1. Please state the shape class of segment 7-231: rounded when a/c is under 1.5, otherwise prolate if a/b exceeds b/c and oblate if not, all from the C-alpha gyration tensor.
2. Per DSSP H run of n ≥ 4, the term is -39500 (n - 2.57); total these for the chain, divide by its residue number, and report the mean residue ellipticity at 222 nm rounded to 500 deg cm²/dmol.
3. Give me the angle, in degrees from 0 to 90, between the Cα long axis of helix 16-26 and the longest principal axis of the Cα atoms of the chain, rounded to the nearest 10.
4. Please arrange 476, 57 by how many other C-beta atoms lie within 10 Å of their C-beta, fewest to most.
5. Report D for segment 394-515 in µm² per second (integer): Stokes-Einstein, Kirkwood Rh on Cα pairs, 37 °C, 0.692 mPa s.
6. Taking the chain as the reference, fit the longest principal axis to its C-alpha atoms, fit the long axis of helix 144-154 to the helix C-alpha atoms, and give the angle between the two in degrees, 0 to 90, nearest 10.
7. As a test, work out the antiparallel percent of DSSP beta bridges whose residues both lie in the chain, rounded to the nearest 5.
8. If you take the square roots of the eigenvalues of the alpha-carbon gyration tensor of the chain and sort them as a ≥ b ≥ c, do you get rounded (a/c under 1.5), prolate (a/b over b/c) or oblate?
């Protein structure tokens with residue numbers, strides 16, 4: 001346990017893109033404190049209990065049943081016939097345990113050479129549990145997985161607990177129900193409720209609350225103050241090879257993936273699934289066997305049947321729940337508007353959703369951090385097979401002051417520094433992160449004076465108002481063959497104006513460094 005790192009528990013229905021998300025996460029397990037990985041169900045996958053049908057357990061289901069891949073009539077919509085299903089696209093039980101025991105175990109010694117905080121296979125096996133997997137939205141009883149989540153919520157660790165929903169949210173909901181059942185009618189409930197809502201953050205696809213209706217049906221009324229998070233940008237959708245933003249799209253194409261990820265990087269990376277790579281997905285009908293074919297045909301009106309090239313990026317759509325947690329020098333977990341690798345963080349559906357549309361490729365504000373994340377993936381893939389001295393590692397970037405207050409019209413001093421553990425040369429630059437700033441004025445050309453210097457200046461616009469702030473990012477990349485980028489941020493907050501002479505003195509003081 002490292003209490004300086006974000007703490008997370010994952011629930012997954014083990015869709016093929018979840019498998020990829022987990023394999024990719026293996027390269028970053030040193031960056032978070034993972035306290036659980038829990039199998040769950042969803043509208044797309046459930047394993048049944050051998051007795052009941054979906055309709056008996058959950059009449060308010062979303063499952064599209066065979067209509068999702070047989071008829072496509074009006075899809076997506078719940079299939080009236082799905083109520084009779086006893087299982088649906090059941091996932092491969094034991095897949096996660098096998099990953100830890102085999103591919104991760106083989107990569108672990110090399111990963112550990114590159115960073116000492118990678119968890120052992122034994123640790124990962126101990127926190128892998130089965131949750132509520134029988135049916136979509138099934139919250140009938142507590143399970144090992146829901147109890148693990150419950151215990152983590154109630155323990156003495158005061159950190160935020162990020163519950164990452166890669167499938168249905170029902171196992172998380174079951175944990176919340178178990179807490180309410182134990183405490184709601186006691187004099188401890190007020191304190192327990194406050195603890196839960198202060199501690200829990202839920203992140204997931206489909207508006208943050210997972211791939212079933214269980215949160216709305218069972219938990220929202222009990223815990224109206226729990227925070228559901230979303231970000232400006234998603235990551236790794238199935239359509240990325242044809243619709244990702246222009247500066248990064250080649251990193252989702254076959255040649256880049258074969259060279260940098262799939263081959264010659266050990267068994268862990270070779271397990272990463274790509275279109276037409278031969279992988280067989282247990283429990284899936286033919287139309288979803290993406291390792292055996294190159295077509296994606298979901299039947300959405302807005303998404304026509306699409307054909308990809310062999311070894312194109314397949315999908316990793318649930319990784320967007322954890323990418324924002326990585327400490328790369330961005331401060332979005334401190335204040336959502338400051339930004340993360342996936343842009344800003346919002347509660348519920350409050351975000352403007354102006355990010356690049358990964359389904360359609362429609363125009364939006366591109367994610368300026370995505371290229372660096374993709375490049376680091378290639379660098380970390382080498383950690384699976386090479387010792388420290390043959391790999392690249394992140395530069396260390398710092399600022400003298402991360403928070404500055406100054407009046408409108410003032411010039412502020414920005415002081416940064418960087419070093420590299422591998423002795424690589426570094427390329428640095430400052431810029432204003434417009435989306436992560438809060439400026440009420442009209443000036444358009446807001447730039448750092450000499451952006452390539454570690455020590456430079458920024459002028460606050462004269463029409464800035466007290467309470468406005470400017471989010472200035474120092475971006476540093478090493479010059480390795482497979483580069484890694486890190487950041488540091490300075491938040492300049494506008495205060496009430498000082499008198500003219502004091503402002504002049506401050507300006508003169510800042511200019512003294514030019515003579516040093």
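1. Working: a/c = 1.91, a/b = 1.14, b/c = 1.68.
Oblate, because a/c is 1.5 or more while a/b does not exceed b/c.
2. Working: 13 runs with 109 residues, N = 516.
My calculation for the chain gives -6000 deg cm²/dmol from helical runs alone.
3. 50 degrees
4. Numbers: 476 25, 57 20.
Ascending number of Cβ neighbours within 10 Å: 57, 476.
5. Working: Rh = 15.2 Å.
My calculation gives 216 µm²/s for D.
6. Helix 144-154 sits roughly 30 degrees off the main axis of the chain.
7. That works out to approximately 55 percent antiparallel.
8. Working: a/c = 1.82, a/b = 1.49, b/c = 1.22.
Since a/c reaches 1.5 and a/b is larger than b/c, the shape of the chain is classed as prolate.
Every number here is computed from the coordinates shown, using simple stated rules; none is lab data. Predicted model, so just to flag it, every value in this text is computed and none were measured. All Cβ positions, even for glycine, are placed from backbone atoms using ideal geometry, and neighbour counts span all protein chains on display.
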